[in-house]
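The next block holds one structure in the form of structure tokens; read it before the comments.
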Amino acid sequence: MKMRYRLLDTLRGFSLVSMILYHICWDLVHMYGFDWPWFMKTEGYLWQQSICWMFIFISGFCMGLKRDDRTLSSACKRGLVVMACGILVTVATLVFAPEAKIIFGVLFFLGFSIILTAWLKPLLKKVPAKAGLLCSTVLLIIFRNINDGSLGFENFIICRLPDFLYEHGMLGTFLGLQDKNFSSEDYFSFIPWYFLFIKGYFICLNILKRREKKGLTGLPDVFNKGVPVLETLGQHSLLVYLLHQPIVLFVLSILLKPAL
């Protein structure tokens, strides 16, 4: 029987609530003309980043719990389902909201990362957990700004990258070298975000290995504690993600009129 850790589901549920609130604000600002300068500035950016960082980190962390080779098939199936949902979101936005289309969104990225990590498990097992954690952290810092044409982390710029690297269409864009003609309201390229995903994976391994040295199994007891409502949301995160925006838009359409 698959074991679930309540704290992980609770954190995932908390991120879902935060995401729903963020998207409500996004709709009010971009579709209904609400004048909220803070949302378009640092505060809104940090809010958005906290949500996606938490989702990606938790997904990678959970991959660290799947240590049995027999989980390869189930992980790949899960990854394919998540990727398919990401493609569904892309198709839906292209058809119904092309001005706010989503290409290479977070679901597509997570599905791909789950599958890739499952296949890389034999190699990842040979990497010391502490070394993997250090390397993934350094790589995340170096490549965080690759979408914007530079190496570095946020305002810390190491160097600019040549323009010709960003002229390889959709493949380059998926990898992180965002083509100048590409646009998406939700864009998570393989680089740099896989380094955050794998960072979560190695943090989980570090915790498990530390406990194994003490003759203990599984995660610490704190991971068995959670908030029931958030926990339930977290257990159905994919369904909530798919349904929340249509429901939000429907409710807002009843309560408000879009800005002209």
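Structural remarks
- The stretch 28-49 residues that are closer than 15 Å to Asp186 by Cα, paired with ones that are of a type in the set (S, T, N, Q) and open to solvent by less than 70 Å² (accessible area, probe 1.4 Å) (beta carbon under 8 Å, 6 or more apart): Trp47/Ser18
- Any pair with Cβ under 7 angstrom, 6 or more apart, that starts in the stretch 143-161 at a residue that is over 10 Å from Gly176 (Cβ atoms) and open to solvent by 50 Å² or more (accessible area, probe 1.4 Å) and ends at one that is part of a loop (DSSP other than H, G, I, E, B) and of a type in the set (Lys, Arg): Phe153/Arg144; Glu154/Arg144
- Test for Gly13: is it under 21 Å from Leu140 (Cβ atoms), open to solvent by less than 60 Å² (accessible area, probe 1.4 Å), touching a helix residue (DSSP H, G or I) at 6+ places or on another chain (Cβ under 6 Å) and of a type in the set (Gly, Ala, Ser): no
- Of the numbered criteria (1) of a type in the set (A, V, I, L, M, F, W, C); (2) touching a Lys or Arg at 6+ places or on another chain (Cβ under 8 Å); (3) surrounded by 19 or more Cβ atoms within 10 Å (Cβ to Cβ), the one Leu72 fails is (3).
- No other residue among Ser183, Ser189 is open to solvent by 40 Å² or more (accessible area, probe 1.4 Å) and either within 25 Å of Tyr22 (Cα to Cα) or in contact with a Ser or Thr (Cβ under 9 Å, 6 or more places away or on another chain) (or both) apart from Ser183.
- Single match in Tyr201, Tyr166 (criterion: modelled with pLDDT of 95 or more, farther than 25 Å from Phe55 by Cβ and hydroxyl-bearing (Ser, Thr, Tyr)): Tyr166
- Some residue of the stretch 49-62 being of a type in the set (Val, Ile, Thr), surrounded by fewer than 13 Cβ atoms within 10 Å (Cβ to Cβ) and at pLDDT 95 or above: no
- Top-ranked residue of the stretch 214-254 - restricted to ones that are in contact (Cβ under 8 Å) with a residue 24 or more places away in the chain and not in a helix (DSSP H, G or I), ranked as most open to solvent (accessible area, probe 1.4 Å): Lys225
The values are calculated or read from the model by the stated rules, or taken from the named source; none is laboratory data. Model, not experiment: these values are computed from the prediction. A quick note on method: Cβ atoms are made from the backbone with ideal geometry, for glycine too, and the neighbour counts reach across all protein chains shown. Note: areas computed on protein heavy atoms with side chains; ligands, DNA, RNA excluded. Shrake-Rupley method; radii C 1.70, N 1.55, O 1.52, S 1.80 Å.
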